[in-house]
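Input: a single structure, listed below in structure tokens.
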Amino acid sequence: MMLTKPRQVALGALIIALGLVAASWAGGAYGYSFPRVVSLIVLTLAVVLLAVEILAPGQAEEGAISIPWGSIIPAFAIFFLLLLALRILGFYVTTLLGFVVISSVYMPGLSSGRKILLNIVIGTGFLAVLFGVFTALLKVQFPKGLLL
């Protein structure tokens with residue numbers, strides 16, 4: 001069996017998934033159910049990815065397209081800056097700020113004032129759903145900051 005680039009990627013994903021499973025199961029039992037479930041889902045997807053690449057090699061390469069790095073790099077820069085702001089501002093404020101900035105950068109067509117207002121409204125609704133699901137329902141703790 002030849003180790004082609006897609007197989008290397010699938011194998012790398014499996015190794016990372018195994019690391020996530022090991023890290024999520026290393027802690028105590030209380031409060032770790034959500035990370036454990038997510039890590040098992042990631043492991044399952046990695047196993048499926050590797051199985052597909054072994055059983056049907058080369059099919060992913062047929063429809064492959066080049067990655068438009070010029071339009072992706074600004075998002076990476078914004079994510080990095082948001083990670084730096086996470087401890088200062090807290091999860092919810094940083095998430096809202098990140099959503100507004102990224103969607104304002106990548107949403108074409110609307111005037112800037114209207115676009116920012118629309119993004120704030122949509123981001124606030126998105127945060128309400130995040131709060132309801134993760135904080136209220138699943139009891140996941142998020143980093144606290146100055147505002148929340």
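The values are calculated or read from the model by the stated rules, or taken from the named source; none is laboratory data. Values in this document were obtained by computation on a predicted structure and should not be read as measured data. Methodologically, a virtual Cβ is constructed for each residue, glycine included, from the backbone with ideal geometry; neighbour enumeration extends over all protein chains shown. These accessible areas exclude ligands, DNA and RNA; they are computed on the full protein's heavy atoms, side chains included. Shrake-Rupley method; radii C 1.70, N 1.55, O 1.52, S 1.80 Å.
What are the pairs with Cβ atoms under 7 angstrom where one residue, in segment 111-140, is closer than 19 Å to residue 36 by Cα and the other, located anywhere, is open to solvent by 60 Å² or more (accessible area, probe 1.4 Å)? Sequence gap at least six, or different chains.
Here the result reads 138/34; 140/34, each pair linking segment 111-140 to a residue that is open to solvent by 60 Å² or more (accessible area, probe 1.4 Å).
Just to be sure I understand, how many residues within segment 74-128 are under 20 Å from residue 144 (Cα atoms), open to solvent by 60 Å² or more (accessible area, probe 1.4 Å) and among the β-branched types (Val, Ile, Thr)?
2
Can you find a residue that is farther than 24 Å from residue 142 by Cα, in contact with a helix residue (DSSP H, G or I) (Cβ under 8 Å, 6 or more places away or on another chain), at pLDDT 90 or above and part of a helix (DSSP H, G or I) anywhere in segment 25-41?
Looking for residues that are farther than 24 Å from residue 142 by Cα, in contact with a helix residue (DSSP H, G or I) (Cβ under 8 Å, 6 or more places away or on another chain), at pLDDT 90 or above and part of a helix (DSSP H, G or I), one finds none in segment 25-41, hence no.
For the condition within 30 Å of residue 141 (Cβ to Cβ), at pLDDT 85 or above, assigned to a helix (DSSP H, G or I) and open to solvent by less than 60 Å² (accessible area, probe 1.4 Å), what is the one hit in 22, 17, 51, 10?
Only one candidate passes the filter, namely 17.
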